[in-house]
Amino acid sequence: MEKSIHSSLKHLYLRAGFGLSPWDFEVRENSIPKAVENLFSESKNVTELQLDRELHSPKYYAGGMMMGKMSQEQKKELTKQSIADEKEMNLKWIEKMAMENGSLREKMTLFWHGHFACTEPISLYALMLNNTIRRNALGNFGDLLLAVAKEPAMLRFLNNQQNKKQSPNENFAREVMELFTIGRGKYTEDDIKNAARAFTGWTTDGDGNFIKRPFQHDDGVKTFMGHTGNFDGEDIMKIILSRKETADFIAAKAYKYFVNQENPDQDIIAQLGQKFYDADYEIGVLMHEIFISDWFYDPKNMGNRIKSPIELIIGLKRDFKIEFDNPEVELGLQRILGQILFHPPNVSGWAGGRNWIDSSSLLYRMRIPESIFYTSEMDITVKGDAADSAMMSEVNKKILKVMKNTTDLGYYDGKYKDKTAEEMVDELSVSLLAPGAQNIDKPLMVDFVKSNSSDMVRSAIMLITSLPEYQLS
């Protein structure tokens with residue numbers, strides 16, 4: 001395959017998915033249009049995230065009563081089961097992202113998971129929200145927005161169950177505008193107050209089904225963004241979507257996530273916003289435009305993005321078929337690296353970019369490959385919000401100290417065992433590092449590989465995946 005096409009395809013699969021394993025890459029198409037078409041085709045069908053056991057609403061644990069009437073024992077049982085369920089949800093989603101086709105849909109689900117950031121202790125509601133996002137991840141943004149807004153997890157997280165005619169709560173309305181749609185500075189305090197009135201009565205029943213309670217809804221006349229009428233929440237959404245600033249806001253967020261966060265091109269973002277608006281907020285149109293455009297493959301947009309902890313974990317699992325003896329290692333890695341699925345740090349989600357890296361997290365990232373490939377010990381210290389997670393507090397740090405696992409390096413042994421150290425380092429760096437992140441000190445690496453002559457392939461892999469450049473996509 002021509003080097004420039006190889007680099008472009010590798011870049012595409014890293015950004016639109018979680019990368020391809022080297023053996024998958026060898027049999028893929030050799031043109032960008034075909035690759036983009038296949039990414040969308042493989043993600044056409046929706047396979048929802050499912051757990052091994054049926055999940056129940058709080059009403060089930062309360063013996064058919066509402067959550068507020070649960071006994072202390074019932075609440076304790078619900079909490080215990082939800083923590084166990086959440087661990088399983090997390091691990092199954094990691095496996096789904098790492099091993100299934102349809103990586104574009106899962107990458108979009110991860111993107112929206114951060115956009116519609118939400119922490120929900122009731123596992124059923126968290127799973128419902130995750131699958132709602134997955135179903136709509138490549139569909140229409142208006143449909144996605146409305147579906148998410150009606151999810152029990154989001155209504156609870158943003159306190160809309162407290163939003164009643166007699167005492168409006170503005171939190172839900174404020175975040176819908178500031179974080180989910182149009183962005184700060186594009187609305188007034190009066191807009192927030194009137195939007196909150198429109199969302200009064202939006203809540204769920206004891207089973208988590210969305211309902212509107214008429215006696216809690218303010219059905220008076222409201223003025224919102226220059227429009228006046230007897231609005232409800234759906235009317236508010238329509239008015240927000242009628243504003244082109246909303247399309248611009250979402251296009252900018254997608255550009256920064258998939259293209260270039262540190263140096264965004266405002267002219268291109270403006271063009272994407274117009275395209276998205278003209279397409280009536282069809283997410284697939286926006287993403288296709290990004291992936292098919294020449295500027296997406298500009299060298300300045302390659303190898304410039306720091307992998308999120310989830311992307312790092314999934315990439316290692318994909319490339320080396322890693323299976324940990326204790327799957328909770330993957331939960332622990334999320335914890336020490338600062339990104340726990342289903343536990344965003346706040347309502348704004350994960351900031352991403354350079355925020356993924358500090359002195360301790362970079363050290364952990366560079367030590368993880370050695371711990372995996374040589375089961376060496378790693379000292380663990382947990383900082384910040386991750387240390388306070390109920391689920392993560394149950395993850396024993398001992399399982400991270402020595403990460404017992406199995407890896408399958410058969411592909412690499414077969415391909416590289418007869419190569420010289422120079423050839424091995426040169427070819428593996430192209431195979432494992434992102435385009436634009438391959439400017440490394442190869443002579444020094446060759447010397448290291450030669451010094452480990454008993455298993456040069458494993459040594460070269462460990463060394464390359466321990467580089468700062470491996471943290472880039």
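Here are a few things to note about the model shown:
- For first residues located in the range 445-466 and under 13 Å from I372 (Cβ atoms), partners that are surrounded by fewer than 16 Cβ atoms within 10 Å (Cβ to Cβ) and of a type in the set (D, E, K, R) and lie 6+ apart or on another chain with Cβ distances below 8 Å form the pairs S466/R367.
Here's the yes/no breakdown for (1) in a helix (DSSP H, G or I); (2) under 27 Å from N326 (Cβ atoms); (3) in contact with a His (Cβ under 6 Å, 6 or more places away or on another chain):
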{"site": "K87", "(1), (2), (3)": "yes, yes, no"}
{"site": "N90", "(1), (2), (3)": "yes, yes, no"}
{"site": "W93", "(1), (2), (3)": "yes, yes, no"}
{"site": "K96", "(1), (2), (3)": "yes, yes, no"}
{"site": "E106", "(1), (2), (3)": "yes, yes, no"}
{"site": "H113", "(1), (2), (3)": "yes, yes, no"}
{"site": "E120", "(1), (2), (3)": "no, yes, no"}
{"site": "Y125", "(1), (2), (3)": "yes, no, no"}
{"site": "L146", "(1), (2), (3)": "yes, no, no"}
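- Only one of the numbered conditions (1) part of a helix (DSSP H, G or I); (2) within 19 Å of R367 (Cβ to Cβ) is violated by I440, and that is (1).
- Take the conditions (1) under 30 Å from D218 (Cβ atoms); (2) within 19 Å of the chain's Cα centre (by Cα); (3) open to solvent by 10 Å² or more (accessible area, probe 1.4 Å); D143 misses just one of them, which is (2).
- Taking the criterion of being in a helix (DSSP H, G or I) and either open to solvent by less than 80 Å² (accessible area, probe 1.4 Å) or among the polar types (S, T, N, Q) (or both), the residues of the range 443-459 that qualify are M445, V446, F448, V449, S453, S454, D455, M456, V457, R458, S459.
Yes or no, residue by residue, for (1) farther than 26 Å from I368 by Cα; (2) surrounded by fewer than 18 Cβ atoms within 10 Å (Cβ to Cβ):
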| site | (1), (2) |
| --- | --- |
| D218 | yes, no |
| A247 | yes, no |
| A251 | yes, no |
| A254 | yes, no |
| A270 | yes, yes |
| S308 | no, no |
| D319 | no, no |
| E323 | no, yes |
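- Summed over the range 184-209, residues that are open to solvent by less than 20 Å² (accessible area, probe 1.4 Å) and on the phi > 0 side of the Ramachandran plot total 2.
- Close Cβ contacts (under 7 Å, 6 or more residues apart or on different chains) running from residues in the range 183-202 that are under 19 Å from S242 (Cα atoms) and touching a residue at least 12 places away in the same chain (Cβ under 8 Å) to residues that are open to solvent by 20 Å² or more (accessible area, probe 1.4 Å) and in a loop (DSSP other than H, G, I, E, B) comprise Y187/M225; D191/M225; I192/E170; A196/P168; A196/N169; A196/E170; A198/F231; A198/D232.
- From K69, K75, K44, residue being of a type in the set (K, R), at pLDDT 90 or above and surrounded by fewer than 16 Cβ atoms within 10 Å (Cβ to Cβ): K44
Quick grid of which residues meet (1) over 21 Å from the mean Cα position of the chain (by Cα); (2) in contact (Cβ under 8 Å) with a residue 60 or more places away in the chain; (3) buried (at least 16 other Cβ atoms within 10 Å of the Cβ); (4) farther than 30 Å from Q166 by Cβ:
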site	(1), (2), (3), (4)
M225	yes, no, yes, no
T228	yes, no, no, no
I236	yes, yes, yes, no
Q261	no, yes, yes, yes
I283	no, yes, yes, yes
F291	no, yes, yes, yes
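The values are calculated or read from the model by the stated rules, or taken from the named source; none is laboratory data. Since we're looking at a predicted model, the values are computed, not measured. Methodologically, a virtual Cβ is constructed for each residue, glycine included, from the backbone with ideal geometry; neighbour enumeration extends over all protein chains shown. Note: accessible area is taken over every heavy atom of the protein model, side chains too, but ligands, DNA and RNA are not part of it. Shrake-Rupley method; radii C 1.70, N 1.55, O 1.52, S 1.80 Å.
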